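In what follows, a structure is listed as structure tokens, so that the remarks can point back to it.
The values are calculated or read from the model by the stated rules, or taken from the named source; none is laboratory data. Please read these numbers as outputs of a predicted model, since none were measured by experiment. Every residue, glycine among them, receives a Cβ derived from its backbone with ideal geometry; neighbour counts consider all protein chains shown. Remember, those area values only see protein heavy atoms, side chains included, never the ligands or the DNA or RNA. Shrake-Rupley method; radii C 1.70, N 1.55, O 1.52, S 1.80 Å.
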Amino acid sequence: MIDSASSRRSLMWRLMIPFGVISIIAIAVLLVYIPNAIERNAVDGAVHAAQKTADQMRTIRNYYADNVLTRVVIYPIQVSHEHKKKGIGYIPSPDTVIHDLNEEFQKKGISIRQYSPYPFPWRKDRKLDQFEQGAWDRIRQAPDEPVIQRDKEFVRVAIADRMDSTDCVRCHNSHESSPKTDWKLNDVVD
């Protein structure tokens, strides 16, 4: 005679062991997958935010070049990177606006840095760090691809900037201090 209670217990143990093993494997997979997914999402979010910010800065610069500078140059107002020091009668260039805005953003913990291997003389002391130099090299090869560096505390994203305003091209090519004077529309500048 077969003891049905004992066979039920035996069957129950045989079913619980695979279930237990499957549960342990599932938990281990989740412990590995979830942190990676969170990090991937954080990096993707940072890259997306950086691209949006770069687009906004380009929009501000181009708006300023097209709608402010072109209207005030006919008056006795001059464009200068030293507009703050010189005072009334001087306004900033479009890139100086971005540099000035960056100073304000840094007070809020946001950093936007424009850099180029062709800096104007008054910005020549700005040295490219290892990430910036590598990013510039990669942007030259693939200007439509962002360059991303992840650290423990932050994500750095470099995005190519293009000379996309005819007024900017004209100004850079005719400025007496410009380190490069053969810019063309849509050239990568940063």
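Computed values, structure above
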read-out: Residue tally, condition open to solvent by less than 60 Å² (accessible area, probe 1.4 Å) and outside any loop (DSSP other than H, G, I, E, B), over segment 172-190; value: 3
read-out: Positions within segment 113-133 being within 13 Å of the chain's Cα centre (by Cα) and either at pLDDT 80 or above or open to solvent by 60 Å² or more (accessible area, probe 1.4 Å) (or both), in sequence order; value: 113, 114, 131, 132
read-out: Failed item, numbered, when residue 83 is tested on (1) crowded, with 17+ Cβ neighbours inside 10 Å; (2) within 19 Å of the chain's Cα centre (by Cα); value: (2)
read-out: Pair list, Cβ < 8 Å and 6+ apart or interchain, from segment 61-83 residues that are under 20 Å from residue 112 (Cβ atoms) and of a type in the set (S, T, N, Q) to residues that are modelled with pLDDT of 80 or more and in a loop (DSSP other than H, G, I, E, B); value: 62/164; 62/165
read-out: Exclusive hit being open to solvent by less than 60 Å² (accessible area, probe 1.4 Å) and in a strand (DSSP E or B), set 169, 157; value: 157
read-out: Criterion violated by residue 97 - all others in (1) more than 16 Å from residue 61 (Cα to Cα); (2) of a type in the set (A, V, I, L, M); (3) surrounded by 14 or more Cβ atoms within 10 Å (Cβ to Cβ); (4) without any contact (Cβ under 8 Å) to a residue 60 or more places away in the chain satisfied; value: (1)
read-out: Breaking point among (1) modelled with pLDDT under 80; (2) of a type in the set (A, V, I, L, M); (3) surrounded by 13 or more Cβ atoms within 10 Å (Cβ to Cβ), for residue 110; value: (3)
read-out: Members of segment 111-123 that are touching a residue at least 40 places away in the same chain (Cβ under 8 Å) and part of a loop (DSSP other than H, G, I, E, B); value: 112, 114, 115, 116, 118, 119, 120
read-out: Residue check, residue 78 exposed (fewer than 15 other Cβ atoms within 10 Å of the Cβ), polar (S, T, N, Q) and at pLDDT below 85; value: yes
read-out: Of residues in segment 134-154 being open to solvent by 50 Å² or more (accessible area, probe 1.4 Å) and not in a loop (DSSP other than H, G, I, E, B), the one nearest to residue 38 (Cα to Cα); value: 150
